[in-house]
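Computed from the coordinates by the stated procedures, all read-outs in this text should not be read as laboratory data. Not measured: the values here are computed from a predicted model. Cβ atoms come from the backbone with ideal geometry, glycine included; neighbour counts cover every protein chain shown.
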Amino acid sequence: MAETLEDIAARMVTGDKGILAADESTGTITKRFDTIGVESTADTRRDYREMLFRSDEAMRNYISGVILYDETIRQSAADGTPLVDIIAGTGAVPGIKVDTGAKPLALRPNEKITEGLDGLRERLAEYYDLGARFAKWRAVIDIGDKRPTYPCISANAHALARYAALCQEAGIVPIVEPEVLMDGPDASHDIDTNYDITEWVLKTVFMELYFAGVRLEGIVLKPNMVVPGKNAADQASPQAVAEKTVRVLKNCVPTAVPGIAFLSGGQSDEQATEHLSLINDLGPLPWAVTFSYGRALQAAALNAWQGKVENVPAAQRAFLHRARMNSLAAAGSWTPDAEKQAA
Ligand code: 13P
């Protein structure tokens, strides 16, 4: 019998494991490869991701799910094994990014609307057949001069809800990701401005999910933490980030939601880990609270790899270390001392 949405969601967020976001679009992964001087081709992208998914100890112990990009879910490892089978073989759930990116919102300068609803029902059916059991859609909200506006928040929340309903119809758990950016073009806002905007966004998203008939027991929320903009004069203490993040979530996220898996959003590796640990330390919380990191899980591995076969073991060790640190954080038990122990 097919797993229920609730079963899949539980697998994604419990057991002190978290999600590896490896769903960079070709444009984004190419930018990452540029930083290490590696040419971005279908084969190098495959080699890099295969290296992560074959990090057996990290995957088995600390990773509950992997978000893939359209190209990756169709790729096979160098030995011909489908990448999806490698992931599933470690016990992690394969997932897929289904939005087609954030595009300029008409008549609203500097604001964006995430696209990808047209034909989504058919694409979800295909992704299900390819092995995906959860999906991701990311809305981006930027804070700046007179931004965000009501039309931007409401259009993005509406799209998230339509996406989530289509996913549930297809037997796929939607990751609902409304990201209030910390690293937008301005990014000078303080932490309390982020709090207010995050609250507005989350309230609107849950209203739209309700109107769309989405069952909250079968979603995973992927929010930003409440942090100041990266250019803010006043950077908040880790404790303030944890407290304000928990407060906004308690004010906005119904307890029927099984799990919250944060994005890292441009925080340093260690910040993203420390914040998650402090957040869980404020528990017990009414949801499982873990990570769904892209950059904060991969940056160290990418740098260690440098596109060279001989660096694969070092890169896998770097990935293992970050995955283990974030798993400790998901339990609220990360410490700076643990960070110093080499993987
Ligand atoms: P970051 O953790 O790098 O923000 O990426 C997570 C993600 O999936 C963004 O959509």
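Under 5 Å between amide hydrogens, which residues at least 5 positions from residue 100 or on another chain qualify, with H placed 1.01 Å from N in the peptide plane?
Amide H neighbours of residue 100: 115, 116.
Just the Kirkwood number for the chain, please: inverse of mean 1/r across all distinct Cα pairs, in Å, one decimal. All intermediate terms of the calculation are to be shown ahead of the outcome.
Values: mean 1/r = 0.0501 Å⁻¹.
Every distinct Cα pair counted, the radius reaches 20.0 Å.
If amide hydrogens are placed 1.01 Å from N in the peptide plane, which non-local residues have theirs closer than 5 Å to the one on residue 24?
For residue 24, no residues qualify.
How much length, in nm to one decimal, is gained on full extension between residue 340 and residue 2, taken as 0.36 nm per residue of separation minus their Cα-Cα distance?
Separation in residues times 0.36 nm, less the Cα-Cα distance, equals 117.4 nm.
Give me the one-decimal nm value for the distance between modelled label points at residue 282 and residue 333, 7 Å along each residue's Cα-to-Cβ direction.
That separation, rounded to one decimal, is 2.2 nm.
Could you give the semi-axes, largest first, of the ellipsoid that matches the stretch 146-214, computed as the square roots of 5 times the alpha carbon gyration tensor eigenvalues and rounded to whole Å?
Its equivalent ellipsoid spans semi-axes of 26, 12, 10 Å.
Given a cut-off of under 8 Å on Cα pairs at least six residues apart, what relative contact order in percent is computed for the stretch 56-108?
It comes to 43 percent, rounded to a whole number.
At a 10 Å Cβ-Cβ cut-off, how would you order 53, 211, fewest neighbours first? Before the final figure, lay out each step's value.
On the way: 53 26, 211 12.
Result, fewest neighbours first: 211, 53.
List the residues, sorted by chain then number, that are 5 or more residues from residue 111 or on another chain and whose placed amide H is less than 5 Å from its amide H.
The answer is 105.
Could you pull out every whole DSSP H run in the chain that spans at least 20 Å of Cα extent along its own axis and averages -1.0 or higher on the Kyte-Doolittle scale?
Those that pass (Cα extent of 20 Å or more, hydropathy at least -1.0) are 150-169, 191-212, 238-252, 312-330.
Counting other beta carbons within 10 Å of each residue's own, what order do 204, 41 fall into, fewest first? Before the final figure, lay out each step's value.
Numbers: 204 21, 41 11.
Result, fewest neighbours first: 41, 204.
Helix-only estimate, please: 222 nm mean residue ellipticity of the chain, summing -39500 (n - 2.57) across DSSP H runs of length 4 or more and dividing by its residues, to the nearest 500.
When only DSSP H runs of four or more count, the value is -15000 deg cm²/dmol.
List residues of the stretch 39-66, by number, whose backbone nitrogen lies under 20 Å from a label position 7 Å along Cα→C-beta of residue 81.
43-66
Taking θ = phi - 60°, what integer Hz values does the Karplus form 6.51 cos²θ - 1.76 cosθ + 1.60 yield along the stretch 283-293, in sequence order, with x for Gly and Pro?
Along the stretch 283-293, the couplings run x, x, 9, x, 10, 5, 10, 9, 10, 9, 8 Hz.
Restricting to the chain, what percent of DSSP beta bridges are antiparallel, rounded to 5?
Close to 15 percent.
Taking a virtual spin label 7 Å from the Cα of residue 25 along the C-beta vector, which residues in the stretch 274-300 bring their backbone nitrogen under 18 Å of it?
Zone members listed by number: 294-295.
If R0 is 30 Å, what FRET efficiency do you get for residue 250 and residue 169 from their C-beta distance, rounded to 0.05? Could you put the intermediate results ahead of the total?
Numbers: r = 30 Å, r/R0 = 1.00.
Calculated transfer efficiency: 0.50.
Mind checking the full-extension length gain between residue 129 and residue 183? Use 0.36 nm per residue of separation minus the Cα-Cα distance, one decimal, nm.
Fully extending the segment from residue 129 to residue 183 adds 15.8 nm.
Rounded, prolate or oblate: which fits the stretch 232-299, taking a ≥ b ≥ c as square roots of the Cα gyration tensor eigenvalues, rounded meaning a/c under 1.5, else prolate when a/b beats b/c?
Details: a/c = 2.00, a/b = 1.32, b/c = 1.52.
Here the stretch 232-299 falls in the oblate category.
Compute the distance from the alpha-carbon center of the stretch 245-307 to that of the stretch 98-176, in whole Å.
21 Å
Specify whether the C-alpha gyration tensor of the stretch 169-311 places it in the rounded, prolate or oblate class, a ≥ b ≥ c being the square roots of the eigenvalues: rounded for a/c under 1.5, otherwise prolate if a/b is larger than b/c and oblate if not.
oblate
Figure the gain on full extension for residue 270 and residue 314 (residue separation times 0.36 nm, minus the Cα-Cα span) and round it to one decimal in nm.
Full extension from residue 270 to residue 314 adds 14.0 nm.
Pull up the cross-link candidates among the lysines for residue 250, meaning alpha carbon to alpha carbon under 16 Å and not fewer than 8 places away within one chain.
203, 222
Starting with the fewest neighbours, write out 207, 225 ranked by other beta-carbon atoms found within 10 Å of each beta-carbon.
Listed from fewest to most nearby Cβ atoms, that is 207, 225.
Using a Gaussian network model of the chain whose springs link C-alpha atoms within less than 10 Å, name the residue from 113, 141, 29 with the highest mean-square fluctuation.
Maximum fluctuation in the GNM of the chain, among the listed residues, is at 29.
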